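The values are calculated or read from the model by the stated rules, or taken from the named source; none is laboratory data. Since this is a predicted model, take the numbers as computed values, not measurements. Every residue, glycine among them, receives a Cβ derived from its backbone with ideal geometry; neighbour counts consider all protein chains shown. Please note that ligands, DNA and RNA were not included when accessible areas were found on the heavy atoms of the full protein model with its side chains. Shrake-Rupley method; radii C 1.70, N 1.55, O 1.52, S 1.80 Å.
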Amino acid sequence: MSICIREVSEVYDYISIHSAGYAKTVRTEVLERFFISTMRFEKIGPLSFSKALHGAHIGVKGISANSDGSYAYYTLEGIEEVNLVEVILPVMMDKQLEHAITALAMAIVDEFHWCIDEDHGLDT
């Protein structure tokens, strides 16, 4: 399967994964346990995680979004439930890293039964 990751933000590139209609949330402790214990990420801040993958830095953030996917926050501190995860992508990627990131995104989709946003992230 060949997947092309496209640029979607002027600030950083990311893959947006969320519950259908942003309606279903996951408790932050469940999200943290998944990324730390299962996916072997390091917690670098409130709902922020990092991992070296094929020589590149991959970041992940859990976010609480409203029903249209919009969000604004100064801190992720104190958030108890999230309905959106952003996988922050490195600037340069080769095919091996792209496949690893695709596997990461699909693991998140499978774990929480969420979807990859049509407008943000992966072209299939």
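Which of the numbered conditions does residue 103 fail, given that it passes all the others? Conditions: (1) crowded, with 17+ Cβ neighbours inside 10 Å; (2) under 15 Å from the mean Cα position of the chain (by Cα); (3) under 18 Å from residue 58 (Cβ atoms).
The one condition residue 103 does not meet is (1).
Collect the residues in region 93-124 that are at pLDDT 90 or above and hydroxyl-bearing (Ser, Thr, Tyr), keeping them in residue-number order.
102 - this is the single residue of region 93-124 that is at pLDDT 90 or above and hydroxyl-bearing (Ser, Thr, Tyr).
Inspect all residues belonging to region 85-98 and state whether any of them is open to solvent by 60 Å² or more (accessible area, probe 1.4 Å), part of a helix (DSSP H, G or I) and over 20 Å from residue 34 (Cα atoms).
Step one: list which residues in region 85-98 are open to solvent by 60 Å² or more (accessible area, probe 1.4 Å), which gives 91-96.
From the residues that got through so far, the ones that are part of a helix (DSSP H, G or I) too are 95-96.
The next check asks that each one be over 20 Å from residue 34 (Cα atoms); those that pass are 95-96.
Yes.
Does region 65-77 contain at least one residue that is surrounded by 18 or more Cβ atoms within 10 Å (Cβ to Cβ), closer than 11 Å to residue 28 by Cα and of a type outside the set (A, V, I, L, M)?
So far as region 65-77 goes, no, none of its residues is surrounded by 18 or more Cβ atoms within 10 Å (Cβ to Cβ), closer than 11 Å to residue 28 by Cα and of a type outside the set (A, V, I, L, M).
Is region 13-29 home to any residue that is surrounded by 15 or more Cβ atoms within 10 Å (Cβ to Cβ), part of a loop (DSSP other than H, G, I, E, B) and touching a Phe, Trp or Tyr at 6+ places or on another chain (Cβ under 9 Å)?
yes
For region 30-40, enumerate the residues that are outside any loop (DSSP other than H, G, I, E, B) and of a type outside the set (Lys, Arg). Outline the logic, then answer.
Within region 30-40, the subset outside any loop (DSSP other than H, G, I, E, B) is 30-38.
Scanning region 30-40 gives 30, 31, 32, 34, 35, 36, 37, 38.
Which residues, counting only those in region 99-121, are of a type outside the set (A, V, I, L, M, F, W, C) and either within 22 Å of residue 20 (Cβ to Cβ) or assigned to a loop (DSSP other than H, G, I, E, B) (or both)? Give the derivation first.
Pass one, region 99-121, residues of a type outside the set (A, V, I, L, M, F, W, C): 99, 102, 110-111, 113, 117-121.
Scanning region 99-121 gives 102, 110, 111, 113, 117, 118, 119, 120, 121.
So in region 4-36, with the set limited to residues that are more than 14 Å from residue 84 (Cα to Cα) and of a type in the set (Ser, Thr, Tyr), which one is modelled with the lowest pLDDT?
Applying the filter and picking the extreme gives 9.
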